[in-house]
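To start, the structure under review is shown below, and the notes come after it.
Bear in mind these aren't lab numbers, they're just calculated from the coordinates by the rules spelled out. All of these numbers come straight from a predicted model, not from anything done at the bench. Using ideal geometry, Cβ is built from the backbone for each residue, glycine included, and neighbour counts are taken over all protein chains shown.
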Amino acid sequence: MNPISPLFEKIDLSIEKKMDLIEHSYLRYAVRAMLACLFLTLGTGIAFAVAIKAEHLAPGSGKFFYAFMFSWSLVMILYMNAELGTSNMLYMTVGVYRKRIGIGNAAKILFSCILFNLIGGVIFAYLMSLTGPFLDMHANQYLIDSISSKLDKPTLQILVEAMFANIVVNIAVLASMRMKDDAGKVMAIVFIIFIFAFLGYEHVIANFPAFSLAFFISKGTMASMTVGSVAHNLIFAFIGNYIGGGLVMGLVYAWLNNSKSRYVD
């Protein structure tokens with residue numbers, strides 16, 4: 001019998017909890033998925049607000065402060081037990097490979113999570129756009145320009161950046177599962193997520209509130225924001241995120257740990 005690593009025991013338990021919740025209370029699962037984008041919206045909002053202030057004080061520093069503040073989004077998501085689509089790409093792929101969940105149920109959990117992440121992202125971004133720091137479009141030009149640059153990226157760039165983004169996210173998720181000290185977990189999450197946030201890589205779920213916030217702030221006047229450009233970004237970010245989180249981190253590590261060797265994670 002193959003040895004089971006403590007890490008994959010935790011992953012199996014998480015998969016069982018997700019299956020149990022979605023089977024017995026779909027509404028509660030949906031709310032947990034919406035809450036993930038509440039925390040992402042808060043993280044995105046404070047990240048852009050701090051970056052805008054930093055750019056006024058020290059031009060060129062905005063990106064650094066954006067990445068640092070945005071990283072706290074995942075801390076909130078993990079500690080508040082919210083459901084994030086990009087980490088579920090790993091969980092569901094591992095679950096199918098290890099025969100802990102069927103493909104149909106895995107797809108139901110993953111796409112339900114992403115759907116309600118999207119709904120939460122739109123709702124909470126709209127509400128945030130009504131708050132003081134985001135009422136003036138011109139004061140938020142840094143945010144508008146940042147989103148425009150995302151929407152202008154070519155397909156291959158989105159795909160590759162999304163792959164790296166979800167490799168980073170799931171490294172943070174797995175690292176936090178292996179750590180017992182809360183201070184260590186928080187530091188690990190913040191500094192790992194900083195990698196993709198600073199490099200400006202594409203995360204399909206994070207783009208839900210970011211795109212929505214830019215749309216509501218600009219009142220739909222952004223020339224670069226069309227149905228086609230948004231769909232193009234989200235579709236290829238989703239594919240790249242799945243490659244990175246589901247295949248590179250999920251499937252590869254599940255295969256590495258399907259071994260009779262004592263060398264397991």
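Starting from the Cα of LYS53, draw a straight line to each of the aspartates and glutamates and keep only those under 18 Å, dropping any in the same chain fewer than 8 residues away.
Reachable aspartates and glutamates: ASP136, ASP145.
Considering the values (1) 19.0; (2) 20.3; (3) 14.3, which represents mean projected area of the Cα convex hull in nm² as calculated for the structure under consideration?
Recomputing mean projected area of the Cα convex hull in nm² here picks out (3).
Give me, ordered by chain and number, the residues 5 or more places off ARG98 or on other chains with an amide H under 5 Å from its own placed amide H.
Close amide H contacts, sequence-distant or interchain: none at all.
Go through the range 30-35 residue by residue and turn each phi into a ³J(HN,Hα) via Karplus (6.51, -1.76, 1.60, θ = phi - 60°); whole Hz please, and just put x for glycine and proline.
Listing the rounded values in order: 4, 5, 4, 5, 5, 5 Hz.
VAL160 to VAL252: extension gain in nm, 0.36 nm per residue of separation minus the Cα-Cα distance? Display every interim value, and only then the final one.
Values: separation 92, 0.36 × 92 = 33.12 nm, distance 1.77 nm.
Separation in residues times 0.36 nm, less the Cα-Cα distance, equals 31.3 nm.
Which pairs in the list LYS108/LYS185; LYS17/LYS108; LYS18/LYS108; LYS99/LYS185; LYS10/LYS99 are over 22 Å apart, alpha-carbon to alpha-carbon?
Among LYS108/LYS185; LYS17/LYS108; LYS18/LYS108; LYS99/LYS185; LYS10/LYS99, the Cα-Cα distance tops 22 Å for LYS108/LYS185; LYS99/LYS185.
Give, in nm to one decimal, the length gained when the segment between GLN141 and ILE103 is fully stretched (0.36 nm per residue of separation minus the Cα-Cα distance).
9.3 nm
Classify the range 169-264 as rounded, prolate or oblate, taking a ≥ b ≥ c as the square roots of the eigenvalues of its Cα gyration tensor: rounded when a/c is under 1.5, otherwise prolate if a/b is larger than b/c and oblate if not.
oblate
Going by how many other beta carbons lie within 10 Å of each one, how would you line up SER25, SER129, fewest first?
So the residues, fewest neighbours to most, are SER25, SER129.
Does the range 51-167 come out rounded, prolate or oblate, given a ≥ b ≥ c as the square roots of the eigenvalues of its C-alpha gyration tensor, rounded meaning a/c under 1.5 and, failing that, prolate meaning a/b above b/c?
prolate
Output wanted: per-residue J couplings in Hz (rounded whole) for the range 42-58, from phi through Karplus 6.51 cos²θ - 1.76 cosθ + 1.60, θ = phi - 60°, x for Gly and Pro.
4, x, 5, x, 5, 4, 5, 4, 5, 4, 5, 5, 5, 4, 5, 7, 9
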